[in-house]
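Enquirer: I am attaching a structure below and will ask some questions about it afterwards.
The values are calculated or read from the model by the stated rules, or taken from the named source; none is laboratory data. Since we're looking at a predicted model, the values are computed, not measured. Neighbour counts are summed over all protein chains in view; Cβ atoms, including those assigned to glycine, are modelled from backbone coordinates with ideal geometry.
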Amino acid sequence: MKQLRTAVLGASGYTGGELVRLLSGHPNVELANVFAERSAGMLVSDIHAGAAPTMRFEAFESPDEVNADICFLALPHGEAMEIAPALLDQGKIVIDLSGDHRLQDTALYEKFYKRSQTSGAILADAVYGLPEWNQDAIAKARFVANPGCYATSAILALAPLLAEGMIEADSIVINSMSGVSGAGRKAAAEFSFAEINENVKAYRIGDHQHIPEIETVLGDLSHRNVKITFTPHLMPITRGIYTTICAELSMPISEMELHETFQKCYAEKPFVRYSATRVPEIRRVTNTNFIDIMAQLLPERHQIIIISTLDNLVKGAAGQAIQNMNILCGFSETEGLL
């Protein structure tokens, strides 16, 4: 028996499509509404292969039209904050996949997202939805801010080491490469096949919106002032994130201590796969909610190299959102994701 009704707002995009796919197969929920303004009236299956053949996109005009208990906002930055307050006022659970509610510091949001933060009082109610480190708060939440994709790949890779004080907090260098789906479904020349194919390009150097998210969350987890140098790159694949991190040791540690630190943190976390020897590959996480992590000690340089991979549309977005839903609804954390 289906227990809860769900709605996806912004369902025509890549992340929205993943939400539709995963929610449609979830044993404990029903997908009640699929909203996409510019695609209203179209069959969902015309855009997302495999969707129910009779399901159609709806135009969102009022929160009164949402016939759901849980609303997933797969909307562009700036749009979610316009809709979330009214949905929350109606008593709905809201999981926001945009960046509008990830940062409690409005000055940081406005600096890195280049727009005003107008959410008002609801911002303080947003719980950061990183299940591996914030599960207790998520379980009590009515409003979840889903983490960013790059942020997830970096935070989960660094948090165990920072929490144990094993690395310096102010000299972390992160390089990440993402598939083109991370840019969303945009009609822009820079994301065309001719520009992306056989090419790799850095972008938003020094001012990417995930920089303050990574620093803030890792700072809160470790109670330290974390500073990172982060460079994102676009690469010619559809989906996936490959992150390589270099951090300075703050104390002498052995390889055994390094690996035990990760194993202690993530042994009971079903979607984190840590290996001391297997180098992560994007193809092993594609279309899954897993993140693969490996750490390599460089004792002669007093450094650690950490590598992580995940699917930016699943663990980096829709899958993690459903993982959060499972936790706050009391379902098994892996329900609908394995």
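Enquirer: Might you check whether a residue that is crowded, with 22+ Cβ neighbours inside 10 Å and of a type in the set (A, V, I, L, M) occurs anywhere in segment 105-122?
Expert: No, because not a single residue in segment 105-122 is crowded, with 22+ Cβ neighbours inside 10 Å and of a type in the set (A, V, I, L, M).
Enquirer: Go through segment 31-53 and count every residue that is closer than 28 Å to THR334 by Cα and surrounded by 15 or more Cβ atoms within 10 Å (Cβ to Cβ).
Expert: Of all residues in segment 31-53, those closer than 28 Å to THR334 by Cα come to 31-36, 44-45, 47-53.
Restricting the remaining residues to those that are surrounded by 15 or more Cβ atoms within 10 Å (Cβ to Cβ) gives 31-36, 44-45, 47-48, 51.
Qualifying residue count for the region: 11.
Enquirer: Which residue, of GLU300, GLU257, is assigned by TED's automatic domain parsing to the domain that holds SER181 and modelled with pLDDT under 95? Please lay out each step first, then the result.
Expert: Working: GLU257 fails: modelled with pLDDT under 95.
Testing whether each residue is assigned by TED's automatic domain parsing to the domain that holds SER181 and modelled with pLDDT under 95 leaves just GLU300.
Enquirer: If you go through segment 46-54 one residue at a time, do you hit one that is more than 23 Å from the chain's Cα centre (by Cα) and assigned to a helix (DSSP H, G or I)?
Expert: Yes; the residues of segment 46-54 include at least one that is more than 23 Å from the chain's Cα centre (by Cα) and assigned to a helix (DSSP H, G or I).
Enquirer: Is it true that ASN33 is in a strand (DSSP E or B), more than 30 Å from VAL217 (Cβ to Cβ) and not assigned by TED's automatic domain parsing to the domain that holds ASP207? Spell out how you get there, then give the answer.
Expert: On the way: in a strand (DSSP E or B): yes; more than 30 Å from VAL217 (Cβ to Cβ): yes; not assigned by TED's automatic domain parsing to the domain that holds ASP207: yes.
Spelling it out, ASN33 is indeed in a strand (DSSP E or B), more than 30 Å from VAL217 (Cβ to Cβ) and not assigned by TED's automatic domain parsing to the domain that holds ASP207.
Enquirer: In segment 87-132, what residues are assigned to a helix (DSSP H, G or I) and touching a Lys or Arg at 6+ places or on another chain (Cβ under 9 Å)? Quick ask: steps written out before the conclusion?
Expert: Step one: of segment 87-132, the residues assigned to a helix (DSSP H, G or I) are 87-89, 106-113, 120-125, 131-132.
Selection gives LEU88, TYR109, ASP125, PRO131, GLU132.
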